[in-house]
Amino acid sequence: MSTYNTAFTSDNIAGVSPQVLEAMARCNVGQADPYGRDDYSIKAEKMLSDVFEKDVRVFFVTTGTAANCLSLSALTPPWGAVLCHHEGHINNDECGAPEFFNSGARVLTLDGTDSKVDPEALKWGVKYRVGDMHSSQPSTVSLTQATESGTIYTLDELCVLGAITKNAGLRMHMDGARFGNALVALNCSPAEMTWKCGVDVLSFGATKNGTMSAEAIVVFDKTIAQEMSFRRKRSGHLGSKMRFMAAQMLGYLENDLWLRNARQANAMAAMLKSGLEKLPEISLIGSPEANIIFCKMPTYCIDKLLAQGFRFYHDRWEPNVVRFVTSFATTEQDIQHFLSAVNQAVGYAQAV
Ligand SMILES: Cc1ncc(COP(=O)(O)O)c(C=O)c1O
């Protein structure tokens, strides 16, 4: 067991929601057909169809990277380009896997404030060297909801970007590693935040928000479902004991656990944000609304917190830029404990 103090490194440092473990234990009886032909998998697909108010096809995989890259590979030809924000996880944090899975299709990055793709940049991107035989052809747009910096596209913003994408004849993917966090913040329906804005395939993240290792590729455009089946097998993600992944998803969705977990993570981030905002030595970056906060912190403060065993990313961006991520397992006590330490680190004797 690590002996660090409260950690805000990521939401994947949390354990598994007990309800998810219970659902796995319930499914651990007798024998079941392998490779997703079991009753749990069928039920999970039905449940996701209900959640999204559409008859969807569902493909479980174990990582968000696999969900993203398989989705993009089914949407993009090898000579295609995937357009995303330059802060996109697929651009920065997947070690070239999108290109690897896509037989050479390229990621083409776009600008925009708060890690959100700017519509004007997208209008430029969808036309970039179209018809030029020497260049990768814009094929797919990938948006991250919530974004890598904890901001959230509004429904209007998604629909504007969706319309630009569709009018140009491209297809749309959503990286929903933190889909639940965005959904509860917008207080809208899963359908409104996806296919109603033009999303063809969604990486429905669950691991950061309560499951052990179950992410779902949710396919709205069923014309790519068969291709996805073969791609998943070829990538080594067709789990033989798929029922345990399906069980995780059932436990995650039942009784709205996923929404309750996401609300807890967001509330803890909001509490942390309001504590940090009171300190003139610390400046928040952007306008986070989900469970990720970026800010600038003096070096002496970062060093003191690290020396006390607190954990957070502090050396991945420009100097003094730090990131805090809360999860469903973060408690009010965790936040108070950390804010007390931050107050003391910046020189205020008074604990929070
Ligand atoms: C926005 C986003 N997308 C995708 C992923 C991929 O998740 P995994 O680490 O499971 O591959 C992450 C993980 O940090 C993420 O933050």
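The values are calculated or read from the model by the stated rules, or taken from the named source; none is laboratory data. These figures come from a predicted structure and were not determined experimentally. Here the Cβ positions follow ideal geometry from the backbone for every residue, glycine too, while neighbour counts run over all protein chains shown. Only protein heavy atoms, including side chains, enter the accessible area calculation; ligands, DNA and RNA are left aside. Shrake-Rupley method; radii C 1.70, N 1.55, O 1.52, S 1.80 Å.
Have a look at SER149, SER103 and point out the one that is assigned by TED's automatic domain parsing to the domain that holds ALA177 and within 16 Å of the ligand (Cβ to nearest atom). Only one candidate passes the filter, namely SER149. Assigned by TED's automatic domain parsing to the domain that holds THR151, under 24 Å from ALA105 (Cβ atoms) and within 16 Å of the ligand (Cβ to nearest atom): is that true of ALA67 in this structure? Criteria met by ALA67. Scan segment 71-81 and give yes if some residue there is outside any helix (DSSP H, G or I), within 16 Å of the ligand (Cβ to nearest atom), assigned by TED's automatic domain parsing to the domain that holds GLU148 and of a type outside the set (A, V, I, L, M), otherwise no. Checked against the condition, which is being outside any helix (DSSP H, G or I), within 16 Å of the ligand (Cβ to nearest atom), assigned by TED's automatic domain parsing to the domain that holds GLU148 and of a type outside the set (A, V, I, L, M), segment 71-81 yields no hits at all. With respect to SER240, determine if the residue is outside the structural domain of PRO98 (by TED's automatic domain parsing) and small (Gly, Ala, Ser). Considered against the rule, which asks whether it is outside the structural domain of PRO98 (by TED's automatic domain parsing) and small (Gly, Ala, Ser), SER240 comes out as no.
Taken over segment 9-47, the criterion of being away from the ligand (no atom under 16 Å from the Cβ), part of a loop (DSSP other than H, G, I, E, B), open to solvent by less than 70 Å² (accessible area, probe 1.4 Å) and in contact (Cβ under 8 Å) with a residue 12 or more places away in the chain is satisfied by SER17, ALA32, PRO34, GLY36, ASP38.
Looking at GLY96, GLY104, GLY64, GLY80, can you tell me which residue is open to solvent by 20 Å² or more (accessible area, probe 1.4 Å) and more than 26 Å from SER149 (Cβ to Cβ)? Before the answer, list the steps.
Details: GLY96 fails: more than 26 Å from SER149 (Cβ to Cβ); GLY64 fails: more than 26 Å from SER149 (Cβ to Cβ); GLY80 fails: open to solvent by 20 Å² or more (accessible area, probe 1.4 Å).
Of GLY96, GLY104, GLY64, GLY80, the one residue that is open to solvent by 20 Å² or more (accessible area, probe 1.4 Å) and more than 26 Å from SER149 (Cβ to Cβ) is GLY104.
For GLY104, the conditions (1) in contact with a Phe, Trp or Tyr (Cβ under 8 Å, 6 or more places away or on another chain); (2) more than 22 Å from SER240 (Cα to Cα); (3) in contact (Cβ under 8 Å) with a residue 40 or more places away in the chain; (4) not in a helix (DSSP H, G or I) all hold with the exception of (3).
The residues on offer are ALA25, ALA44, ALA32, and the sole one that is closer than 26 Å to ASP175 by Cβ and not charged (D, E, K, R) is ALA44. Criterion applied to VAL51, VAL61 was being hydrophobic (A, V, I, L, M, F, W, C), in contact (Cβ under 8 Å) with a residue 24 or more places away in the chain and within 16 Å of the ligand (Cβ to nearest atom), and the one residue passing it is VAL61.
The one condition from (1) within 16 Å of the ligand (Cβ to nearest atom); (2) assigned to a loop (DSSP other than H, G, I, E, B); (3) of a type in the set (Ser, Thr, Tyr) that SER142 does not meet is (2). Restricting segment 163-196 to residues that are open to solvent by 20 Å² or more (accessible area, probe 1.4 Å) and among the β-branched types (Val, Ile, Thr), which is farthest from the ligand (Cβ to nearest atom)? The qualifying residue farthest from the ligand (Cβ to nearest atom) is ILE164. A single member of GLY104, GLY80 is within 21 Å of ARG231 (Cβ to Cβ) and either among the hydroxyl-bearing types (Ser, Thr, Tyr) or modelled with pLDDT under 95 (or both), and it is GLY104.
Consider segment 198-229 and keep the residues that are within 15 Å of the ligand (Cβ to nearest atom) and in a strand (DSSP E or B). The one that is surrounded by the most Cβ atoms within 10 Å (Cβ to Cβ) is VAL201.
Do we have VAL160 as surrounded by fewer than 24 Cβ atoms within 10 Å (Cβ to Cβ), of a type outside the set (Asp, Glu), without any contact (Cβ under 8 Å) to a residue 60 or more places away in the chain and assigned to a helix (DSSP H, G or I) here? Talk me through it step by step, then tell me what you get.
Working: surrounded by fewer than 24 Cβ atoms within 10 Å (Cβ to Cβ): yes; of a type outside the set (Asp, Glu): yes; without any contact (Cβ under 8 Å) to a residue 60 or more places away in the chain: yes; assigned to a helix (DSSP H, G or I): yes.
Yes; evaluated as a whole, the condition is true for this residue.
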